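Written out below as structure tokens is the structure these notes cover.
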Amino acid sequence: MSRRIAVSVAAGVVVLAGAGAFALAYAGDQPPALTHSTARYTAPAGTGDGSLSFTTDVTASSGVKSVKVLAWPANSSLAKKELTAKEMTAAEAATCKPSGKDTVHCTYTTTVAPTEAKTSPHGAWHIAVLAEAKNGTTTLDTKAAGFTVR
């Protein structure tokens, strides 16, 4: 093999190794990914409480640090002014359990009292989710799931 070809091959190997290292570093900084997000609202019946349940799967290569959840009516001021990650830090936490190598299954459940249901806006609602990975990256999905209050 000529020296010129050997140098070209060596340079190509260095470029490919650098690209591979960059790809691995980039993959490590990916924000959390939300999948299979669902919400279920059950209205109170008589004097009994209703409930709101939300589930989602969160995947982050560095691990999941926290998942915050907020239900908001579609016809509220939040529809005009998008929620921010800073605002979502005060939201309620979901309970998460491991369900795979880098994935957790998160659940948020709350009761809905008859008085709350009567005074809450009727119509479409959304669930906003802020997921934070252990490496500090975040994902905010302001419409991860939806439900209707009648």
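Just to check your reading of the model, which residue among LEU78, LEU52 is of a type outside the set (D, E, K, R), open to solvent by less than 20 Å² (accessible area, probe 1.4 Å) and more than 14 Å from the chain's Cα centre (by Cα)?
Numbers: LEU78 fails: open to solvent by less than 20 Å² (accessible area, probe 1.4 Å).
Of LEU78, LEU52, the one residue that is of a type outside the set (D, E, K, R), open to solvent by less than 20 Å² (accessible area, probe 1.4 Å) and more than 14 Å from the chain's Cα centre (by Cα) is LEU52.
For segment 129-150, a tally of residues being at pLDDT 95 or above, touching a His at 6+ places or on another chain (Cβ under 9 Å) and farther than 16 Å from SER53 by Cα returns 1.
Scanning segment 32-65 for residues that are touching a Cys at 6+ places or on another chain (Cβ under 8 Å), closer than 20 Å to GLU87 by Cβ and polar (S, T, N, Q) returns a single hit, THR56.
For (1) touching a Ser or Thr at 6+ places or on another chain (Cβ under 9 Å); (2) modelled with pLDDT of 95 or more; (3) of a type in the set (Gly, Ala, Ser), each residue gets a yes or a no:
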residue	(1), (2), (3)
LEU83	yes, no, no
ALA93	yes, yes, yes
GLY100	yes, no, yes
THR103	yes, yes, no
THR107	yes, yes, no
GLY123	yes, yes, yes
ILE127	yes, yes, no
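Residue count for segment 49-104 satisfying the condition of being over 18 Å from THR35 (Cβ atoms) and part of a loop (DSSP other than H, G, I, E, B): 12. Against the criterion of being surrounded by 17 or more Cβ atoms within 10 Å (Cβ to Cβ) and either closer than 21 Å to ASP29 by Cβ or of a type in the set (D, E, K, R) (or both), VAL64 qualifies.
The values are calculated or read from the model by the stated rules, or taken from the named source; none is laboratory data. Keep in mind the model is a prediction, meaning the values are calculated, not measured. All Cβ positions, even for glycine, are placed from backbone atoms using ideal geometry, and neighbour counts span all protein chains on display. All accessible areas refer to the heavy atoms of the entire protein, side chains included, with ligands and DNA or RNA removed. Shrake-Rupley method; radii C 1.70, N 1.55, O 1.52, S 1.80 Å.
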